[in-house]
Amino acid sequence: MSAPRLGVGFSRGVAPADIVEAVRLAESLRYESAWMAEGHAGDQFAVLGAAAAVTTRIRLGTSISSVFVRIAPTIAMAAATLDHLSSGRFVLGLGTSHREQVEPEHGVPFTEPTARLRDTIAIVRALVRDGSVSHRGRVVTIERFDLWFTPRRREIPIYVAALFPKMLEIAGAIADGVVLTWPTLEAPRHAAEHVARGAAQAGRPPGEITSLIPCAVSPTRREALDALRPGVALYAGFFPRYNRLLAEGGFAEEARAIKEAWDRGDRGTIARLVPDAMVDAVTIAGTPAECRDRLARYRAAGLDLPIISPRPAGADPRGSVMDAIRALAPTG
């Protein structure tokens, strides 16, 4: 019997070289893919390029690349480069990111995000397919950009980050897969319905449903919940989309209280407003056995590819990530 599909994602708390070592460990334990976020933890394409050099089988993906932080031809060239370096193992995860990050952190106006996403996907596909691209879209116009090397594959899988019905249907229409995050057990079924609707309208088969799932594996359930609680508070307080996601997931009062505390500047203590049930609803938290059971429940709920995202914790952040990867390794 083959091992169940499982990915691992990285976003913060460990150094780039440690992430590369973690990817090599994940491959040895039969994880099918490793994903690198875009943020402040290191350049995702550089980290994945280094991982490609020390692995041979595991798929490598971005989760996600923002269509505002990098311009479209640069994303396309980076994707083609990493696919070449990995011998065809790359998956390009794209998304719009958030106004709350894009404008203050990068100095880029956050305008017409969906149109920019569509234009970027069209440019990536054309450049990889043809080796050059000219594009006149709604927000991006490229007179001509060409590659000075031949892509290894003429098609690279493109996944799109989505949370709510409209974007899920757009992803179904234009992407090969969807990347969720902070998912409840109801999220995979809900996402699959909207992805299928968008795909049908576009006359194409629906892509797979994947999700990043924040994860903490600890000797006790209490330690795991406490390790993840500050992250839930940050996302609920800072990002309107995630606040809405948690509110719609059954925590409307709690999400409102967290946002109000955040807006008051009470950011050092908002984690106390996050109940255990909220953490449990959107993460994998507990002992190794409890976490494996939670993974099984996500699969049973229709999630095609769970991607655990271990949160570094304790005095040895690197070690905690490695331990989580070992504890939840696929079996079968």
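The values are calculated or read from the model by the stated rules, or taken from the named source; none is laboratory data. Since the model is a prediction, treat every value here as computed from it, not as a measurement. Virtual Cβ from ideal backbone geometry, glycine too; neighbours counted across all protein chains shown.
Observations, loosely collected:
- Members of region 276-300 that are loosely packed, with under 15 Cβ neighbours inside 10 Å and not basic (Lys, Arg): ASP276, ALA277, ALA289, ASP293, ALA296, ALA300
- Any hit, region 57-64, residues being surrounded by fewer than 18 Cβ atoms within 10 Å (Cβ to Cβ), in contact with a strand residue (DSSP E or B) (Cβ under 9 Å, 6 or more places away or on another chain) and either at pLDDT 95 or above or part of a loop (DSSP other than H, G, I, E, B) (or both): no
- THR111 falls short of the stated requirement of being among the polar types (S, T, N, Q) and in contact with a Phe, Trp or Tyr (Cβ under 8 Å, 6 or more places away or on another chain).
- Entry remark, region 251-282: residues being farther than 18 Å from LEU185 by Cα and β-branched (Val, Ile, Thr) number 4 in total.
- Of the helices (runs of 4 or more DSSP H) lying entirely inside region 231-307, those containing at least 1 residues that are of a type in the set (Phe, Trp, Tyr) and under 20 Å from the mean Cα position of the chain (by Cα) are 240-246, 288-300.
- So LEU246, is it in contact (Cβ under 8 Å) with a residue 12 or more places away in the chain and crowded, with 21+ Cβ neighbours inside 10 Å: yes
- When region 1-53 is filtered for residues that are in contact (Cβ under 8 Å) with a residue 60 or more places away in the chain and of a type in the set (Ser, Thr, Tyr), the ones remaining, listed by number, are SER2, SER11, TYR31, SER33.
Yes/no per residue for (1) at pLDDT below 95; (2) surrounded by 18 or more Cβ atoms within 10 Å (Cβ to Cβ); (3) among the small types (Gly, Ala, Ser):
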position	(1), (2), (3)
VAL139	no, no, no
ARG144	no, no, no
TRP148	no, no, no
VAL160	no, yes, no
ALA175	no, yes, yes
VAL179	no, yes, no
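- Meets criteria (buried (at least 17 other Cβ atoms within 10 Å of the Cβ) and not polar (S, T, N, Q)) for ALA257: no
- Close pairs (7 angstrom Cβ cut-off, 6 or more residues apart or separate chains): surrounded by fewer than 18 Cβ atoms within 10 Å (Cβ to Cβ) in region 216-243, among the aromatic types (Phe, Trp, Tyr) anywhere: PHE238/TRP262
- When every residue of region 7-29 is checked against the conditions, at least one turns out to be assigned to a helix (DSSP H, G or I), touching a strand residue (DSSP E or B) at 6+ places or on another chain (Cβ under 7 Å), surrounded by 22 or more Cβ atoms within 10 Å (Cβ to Cβ) and β-branched (Val, Ile, Thr).
- The conditions of being surrounded by fewer than 21 Cβ atoms within 10 Å (Cβ to Cβ) and on the phi > 0 side of the Ramachandran plot are not met by GLY319.
- Residue in region 68-88 that is in contact with a Gly (Cβ under 7 Å, 6 or more places away or on another chain) and under 23 Å from ALA122 (Cβ atoms) present: yes
- Where a residue in region 289-301 is within 13 Å of PRO330 (Cα to Cα) and its partner, wherever it lies, is surrounded by 13 or more Cβ atoms within 10 Å (Cβ to Cβ), with Cβ under 6 Å and at least six apart: CYS291/VAL217; CYS291/ILE284; CYS291/LEU328; LEU295/PRO306
- Of the listed requirements (1) outside any helix (DSSP H, G or I); (2) surrounded by 15 or more Cβ atoms within 10 Å (Cβ to Cβ), GLY314 misses just one: (2).
- Boolean, LEU48 is outside any loop (DSSP other than H, G, I, E, B) and closer than 27 Å to MET322 by Cβ: yes
- Hey, PRO188 in contact (Cβ under 8 Å) with a residue 24 or more places away in the chain, within 17 Å of the chain's Cα centre (by Cα), in a helix (DSSP H, G or I) and within 28 Å of ARG311 (Cβ to Cβ) or not: yes
- Residues within region 195-215 that are part of a helix (DSSP H, G or I) and crowded, with 24+ Cβ neighbours inside 10 Å, tallied: 2
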